[in-house]
1. Quickly run through segment 120-142 and pick out the residues that are touching a Lys or Arg at 6+ places or on another chain (Cβ under 6 Å) and exposed (fewer than 15 other Cβ atoms within 10 Å of the Cβ).
2. Within segment 104-118, can one find any residue that is of a type in the set (A, V, I, L, M), under 24 Å from residue 183 (Cβ atoms) and modelled with pLDDT of 60 or more?
3. Check whether at least one residue in segment 186-199 is in contact with an Asp or Glu (Cβ under 9 Å, 6 or more places away or on another chain), of a type outside the set (Val, Ile, Thr) and either surrounded by 21 or more Cβ atoms within 10 Å (Cβ to Cβ) or more than 30 Å from residue 39 (Cβ to Cβ) (or both), and report yes or no.
4. Take segment 143-168 and flag every residue that is in a helix (DSSP H, G or I) and surrounded by fewer than 23 Cβ atoms within 10 Å (Cβ to Cβ).
5. Which pairs turn up if I take residues in segment 155-174 that are closer than 18 Å to residue 135 by Cα and in contact (Cβ under 8 Å) with a residue 24 or more places away in the chain and look for partners that are acidic (Asp, Glu) and surrounded by fewer than 21 Cβ atoms within 10 Å (Cβ to Cβ) with beta carbon separation below 8 Å, at least 6 apart in sequence or on another chain?
6. Looking for whichever is modelled with pLDDT under 80, under 22 Å from residue 162 (Cα atoms) and outside any loop (DSSP other than H, G, I, E, B) here; the options are 28, 70. Which one fits?
7. If you go through segment 124-142 one residue at a time, how many are of a type in the set (S, T, N, Q) and outside any helix (DSSP H, G or I)?
Amino acid sequence: MVDYVYKDVPTNYWATRPIEEAYQQGFMTGYPGGYFRPNQSVSKVEAIVALNKGLNLTTGTSAVTVPTAMQRVVPQKTAQKPVKRRIMPLAFSALMQPLLISKAPAVAANAVNLNRPASFIITNTYADANNIPQYAVGDVAAATKANIVVNYPNPKVLNPSKPATRGEITALVYQTLVSQGKIEPIAANSTANKYVVRTPANKQNAQ
């Protein structure tokens, strides 16, 4: 059960089962020392990293050499428990249900072929690139390349450490579904479309 892995998620906690199920899907680890921190808010960059890790969006990306989120936040496990994968917060888990069914290997193959180092993509896309944690640079670069990132009100400002709103999480999930070919892209003349972050190359392809 979850409480064997996370010290702060007992078996009688109201969200134990959803946490366990999301944990098995492999979207996000807890924190060092065996803590999940179930009541802590999720930053925008953590949401992006969770998406990328769960969908293996950066797998095989040789151009990305920065540390990953998995290296940063691996929970301690007991000898009795099998090695599990990453976990996302409960609200994120509910929004991700369409993605938990299929992890779209085709998207991973298309999205991770970054032509330039992750740091180049980040610095040439975001005005606040220096605020992006080093462990998340590769994931943010891959998500940007795949047109998953949505920034409101300024597409060039990620605000990586700011708590993510339900609207922002929903927009990230929507763009992920678009990248998987599960739903239609936002109409080009839609107001929301201008907040989808695109690299210079992707902007040319979108025109």
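The values are calculated or read from the model by the stated rules, or taken from the named source; none is laboratory data. This one's a predicted model, so the numbers in the text were calculated from it and none came from an experiment. Every residue, glycine as well, gets a Cβ built from its backbone with ideal geometry; the counts of neighbours run over all protein chains shown.
1. The answer is 127, and nothing else.
2. Of segment 104-118, the ones of a type in the set (A, V, I, L, M) are 104, 106-109, 111-112, 114, 118.
Filter again for under 24 Å from residue 183 (Cβ atoms), leaving 104, 106-109, 111-112.
Filter again for modelled with pLDDT of 60 or more, leaving none.
No, there is no match, as no residue in segment 104-118 is of a type in the set (A, V, I, L, M), under 24 Å from residue 183 (Cβ atoms) and modelled with pLDDT of 60 or more.
3. Pass one, segment 186-199, residues in contact with an Asp or Glu (Cβ under 9 Å, 6 or more places away or on another chain): none.
Scanning segment 186-199, I find no residue that is in contact with an Asp or Glu (Cβ under 9 Å, 6 or more places away or on another chain), of a type outside the set (Val, Ile, Thr) and either surrounded by 21 or more Cβ atoms within 10 Å (Cβ to Cβ) or more than 30 Å from residue 39 (Cβ to Cβ) (or both), so the answer is no.
4. Passing the criteria: 166, 167, 168.
5. Close Cβ pairs satisfying both conditions: 158/128; 159/128; 160/128.
6. On the way: 28 fails: outside any loop (DSSP other than H, G, I, E, B).
None of the other options fit; the residue is 70.
7. Restricting attention to segment 124-142, the residues satisfying the condition of being of a type in the set (S, T, N, Q) are 124-125, 130-131, 134.
Applying the additional criterion that residues be outside any helix (DSSP H, G or I) yields 124-125.
Residues in segment 124-142 being of a type in the set (S, T, N, Q) and outside any helix (DSSP H, G or I): 2 in total.
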